[in-house]
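The values are calculated or read from the model by the stated rules, or taken from the named source; none is laboratory data. Worth saying up front: this structure is predicted, and the values here are computed from it rather than measured. Here the Cβ is made from the backbone with ideal geometry for all residues, glycine too, and neighbour counts use every protein chain on show.
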Ligand SMILES: *Cc1c(COP(=O)(O)O)cnc(C)c1O
């Protein structure tokens, strides 16, 4: 068996130890005689899995007791509608910082259910930075303030959160959840599609302050109301059972093998540092993001020559470094180095880039 170094932005790499446990438990989960894929979501054996997944997430992320954790479907993209439907209930206004495609989609979808304001944007420079925010421009009576904390496509990340006062801050953390500690209490709501850093595709985690639940607009479909899922322990309908089980294994790996989010952050800083250091010293490759806003998870880079980029991607793929093609809106390359990417994957990539630079300059 040979495994590649997978730099995919999502769905993405999972810890090998997790895949091995899942394989071992495939035919007979803990003596139940069934795969987790096959069991009733109402069974005792499954109940233990979903409860433990939530317990571990709460422990690892240090989620305060006045927040609910919801395991939903529909991807982070469904949250672009679910959030305004549930939260636009007083002034029906919300503020948005436009830092890329996902933030734009959140803004556009919210405009369908209320008044969505753009307080700042970095579109002028292909979203290569996080705009400086001036709180005096924020809507005072907004029902929420939305940011995309880590911009998967463009490789930018907030290293400081905006101070929105009493206005609930809403954060899309799809591509940075569990990558480093985050102060949940600074947010009214956090959400993440699981397929970047937590599990396979099919699960969306919502972490929501209790007082924000139960005030949805009248038109809200039952499945799109947070209270529907909160009142039913994420079991109003069939949850994505198997994905939640893999998320539980990933959380166990984070706790037991990595030692929590402080350690995960140190490892992620080391990994990203290996690649950024090389980019900063290379004569052929360069990162596309301003230094102070760089993401630890997604690292876009270019040579400045589209043909050379294509040659690099082709040769890298042949050498076992896969999914390095940048998003079509940026071009060039992007290395996504999520939690499960080992340090040696980053070292090997840099060795390969060095060699490519020598051979092609
Ligand atoms: C991938 C991604 C999304 C979209 O997630 P889906 O689960 O595919 O809907 C939204 N926001 C961010 C930051 C992402 O990285």
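Quick grid of which residues meet (1) within 16 Å of the ligand (Cβ to nearest atom); (2) part of a loop (DSSP other than H, G, I, E, B):
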residue	(1), (2)
19	no, no
30	no, no
38	no, yes
109	yes, no
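Exactly one residue out of 212, 169, 190, 251 is under 13 Å from the mean Cα position of the chain (by Cα) and either within 16 Å of the ligand (Cβ to nearest atom) or modelled with pLDDT of 95 or more (or both), and it is 190.
Selection of helices (runs of 4 or more DSSP H) fully inside the range 223-302 by the criterion of at least 2 residues being surrounded by fewer than 21 Cβ atoms within 10 Å (Cβ to Cβ) and touching a residue at least 24 places away in the same chain (Cβ under 8 Å) returns 241-252, 261-281. Being within 16 Å of the ligand (Cβ to nearest atom), part of a helix (DSSP H, G or I) and over 16 Å from residue 189 (Cα atoms), is that true of even one residue in the range 83-101? Yes, the range 83-101 has at least one match.
Within the range 92-108, the set of residues being under 19 Å from the mean Cα position of the chain (by Cα) and at negative phi comprises 96, 97, 98, 99, 101, 102, 103, 104, 105, 106, 107. Taking every residue in the range 60-75 that is on the phi > 0 side of the Ramachandran plot and pairing it with any residue that is at pLDDT 95 or above, at least 6 positions away or on another chain, the pairs with Cβ-Cβ distances below 6 Å are 75/193; 75/204.
Out of the range 145-166, which residues are closer than 17 Å to residue 117 by Cβ and either within 16 Å of the ligand (Cβ to nearest atom) or outside the structural domain of residue 71 (by TED's automatic domain parsing) (or both)? If the condition is that a residue be closer than 17 Å to residue 117 by Cβ and either within 16 Å of the ligand (Cβ to nearest atom) or outside the structural domain of residue 71 (by TED's automatic domain parsing) (or both), then 146, 147, 148 are the ones that fit.
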